[in-house]
Amino acid sequence: MTAGPGNEAIIFIDANIFLNTILGTGNQAAASARFLEDADSGIFSTATSVIILNEVLHRLIIGSVVNSRGIAPESAIHQLKLHPELIRDAGEAFEIMEDIRSIHSMEIFGISPATLLGPWQSCGNGAFWEMMPFMWRVWKNMRYQPSRPMIAIFPG
């Protein structure tokens with residue numbers, strides 16, 4: 001299935017699409033940026049979840065602390081636990097998240113403990129292919145009943 005004008009599919013956006021665009025790194029950065037621009041223009045419908053957005057924010061905060069304080073990446077989380085005030089220095093991360101939230105055609109799916117715990121427990125060790133049924137159950141439990149097919153984008 002392809003996505004484009006006239007296609008009724010909803011494209012699920014993974015964290016890598018956002019991070020490739022924001023960081024401008026990797027061989028998928030330009031394609032990811034074009035994809036998000038097309039999504040914002042309404043060429044196709046997109047969706048993501050608060051879990052994905054939290055992952056993006058987490059990585060942006062870590063990157064901000066590493067860059068602004070010269071902290072080694074492997075100790076950034078420990079430093080944030082010791083000095084939570086460092087999060088205040090990550091203002092740009094929060095601005096970027098507002099930009100992501102403003103993508104016009106993107107729906108953001110919520111999550112609650114009730115929608116997360118049941119499906120997660122039946123997911124085994126969390127391998128990728130085991131996660132797909134988990135994600136579907138989460139969407140279903142969130143009362144999202146897709147009237148259109150859902151396409152997941154995971155850049156390789």
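The values are calculated or read from the model by the stated rules, or taken from the named source; none is laboratory data. Since the model is a prediction, treat every value here as computed from it, not as a measurement. Counting neighbours? That spans all protein chains shown, and the Cβs are built from the backbone with ideal geometry, glycine included.
Checking the conditions here, which among F12, F18 is modelled with pLDDT under 90, buried (at least 20 other Cβ atoms within 10 Å of the Cβ) and among the aromatic types (F, W, Y)?
On the way: F18 fails: modelled with pLDDT under 90.
Being modelled with pLDDT under 90, buried (at least 20 other Cβ atoms within 10 Å of the Cβ) and among the aromatic types (F, W, Y) holds for just one of F12, F18, which is F12.
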Residues being outside any loop (DSSP other than H, G, I, E, B), over 10 Å from the mean Cα position of the chain (by Cα) and under 22 Å from I103 (Cβ atoms) - total across region 41-73: 8
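Can you tell which of L23, L36 is out of contact with any Cys (no Cβ under 7 Å at 6 or more places or on another chain), crowded, with 19+ Cβ neighbours inside 10 Å and within 22 Å of E95 (Cβ to Cβ)? Can you show your working first?
Numbers: L23 fails: crowded, with 19+ Cβ neighbours inside 10 Å.
So the residue among L23, L36 that is out of contact with any Cys (no Cβ under 7 Å at 6 or more places or on another chain), crowded, with 19+ Cβ neighbours inside 10 Å and within 22 Å of E95 (Cβ to Cβ) is L36.
Residues checked against (1) more than 24 Å from S41 (Cα to Cα); (2) hydroxyl-bearing (S, T, Y):
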site	(1), (2)
S75	yes, yes
L80	yes, no
I96	no, no
G110	no, no
Residues being out of contact with any Ser or Thr (no Cβ under 7 Å at 6 or more places or on another chain) and surrounded by 12 or more Cβ atoms within 10 Å (Cβ to Cβ) - total across region 93-102: 5
Options L80, L53, L60; residue that is out of contact with any Pro (no Cβ under 6 Å at 6 or more places or on another chain), modelled with pLDDT of 85 or more and either basic (K, R) or within 21 Å of I10 (Cβ to Cβ) (or both): L53
